[in-house]
């Protein structure tokens, strides 16, 4: 584990919430995913490149229309990094800079170098997870501006949590770890953000039946209203109906085709726009949140 010195963060970068207005975001256009072997990458089936690209561009348009500036990671169709379109997992941004993570999925390890080089000149790298630690961004969730919940499961281990805690606590933050359920086993991509998804400082979409009891109690104590993701749509989508990207408090982007989930969110006072993602997201176990790496969200 490496920890960098604390630096003052200018307004151009920094994140301390899941739903503050998205100002700057890192994304990577589809490359190797277009020809990826589904058996190797644990995709449900072979992907159709033309609709996948169309769906990605529509998603990018919605992100840009929210007011966020997109910073593009360079795309290389020959690098073999099929999952690199899902930029949320290999790094994490706190108010003072970026933490380079270490994915448990072996095929994603090379994405770490991609993210490390991306941050050069953009913001400080305040720490990096080293072997044997593993931790993925999808297991890291802001509960408030000083508290991060981290899920311990098949993608994030105890060493990764301990290293991550040491890094972020040296920057004035707190980490609370929670065990995730077994569900479909080690090959499935179950992250903490597969179970909870904050839409505002006091509102979250959740799959309550899979939540760690201590996390449920903590969020209630913190004043969260928990919206139950409709079970039938959650199961039909492999959990991706819950994977909603908040671009601002109570403003979000969701996958089309799950009207009951959209209705639950809208009835709670949220604005929701949807996009087709049957090629881009559903076969690959990655949703709208996974397709982004927030670099700057406004606070308050």
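The values are calculated or read from the model by the stated rules, or taken from the named source; none is laboratory data. The structure displayed is predicted, hence computed values, not measured ones. In this analysis, Cβ positions are derived from the backbone assuming ideal geometry, glycine residues included, and neighbour counts consider all displayed protein chains.
Summary of values
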quantity: Sole exception among (1) surrounded by 21 or more Cβ atoms within 10 Å (Cβ to Cβ); (2) at pLDDT below 95; (3) over 21 Å from residue 86 (Cα atoms) for residue 190, by number; calculated: (3)
quantity: Cross-chain or 6+ apart pairs with Cβ under 8 Å, the stretch 266-277 first and touching a residue at least 24 places away in the same chain (Cβ under 8 Å), then surrounded by fewer than 18 Cβ atoms within 10 Å (Cβ to Cβ) and part of a strand (DSSP E or B); calculated: 268/225
quantity: Within the stretch 199-223, tally of residues that are under 18 Å from residue 246 (Cα atoms), crowded, with 17+ Cβ neighbours inside 10 Å, in contact with a strand residue (DSSP E or B) (Cβ under 7 Å, 6 or more places away or on another chain) and free of Cβ contacts under 8 Å to residues at least 40 places away in the same chain; calculated: 2
quantity: Residue in the stretch 109-126 that is modelled with pLDDT under 95, in contact with a helix residue (DSSP H, G or I) (Cβ under 9 Å, 6 or more places away or on another chain) and surrounded by fewer than 20 Cβ atoms within 10 Å (Cβ to Cβ) present; calculated: no
quantity: Top-ranked residue of the stretch 1-52 - restricted to ones that are touching a helix residue (DSSP H, G or I) at 6+ places or on another chain (Cβ under 8 Å) and part of a strand (DSSP E or B), ranked as modelled with the lowest pLDDT; calculated: 3
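Here is a yes/no grid of residues against (1) part of a helix (DSSP H, G or I); (2) out of contact with any helix residue (DSSP H, G or I) (no Cβ under 9 Å at 6 or more places or on another chain); (3) modelled with pLDDT of 95 or more:
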| residue | (1), (2), (3) |
| --- | --- |
| 162 | yes, yes, yes |
| 165 | yes, yes, yes |
| 199 | no, no, yes |
| 218 | yes, yes, yes |
| 234 | yes, no, yes |
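So that you can scan it fast, the table gives a plain yes or no per residue for (1) touching a strand residue (DSSP E or B) at 6+ places or on another chain (Cβ under 9 Å); (2) surrounded by fewer than 24 Cβ atoms within 10 Å (Cβ to Cβ); (3) modelled with pLDDT under 95; (4) not in a strand (DSSP E or B):
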position	(1), (2), (3), (4)
247	yes, no, no, no
257	yes, yes, no, yes
269	yes, yes, no, yes
272	yes, yes, no, no
277	yes, no, no, yes
283	no, yes, no, yes
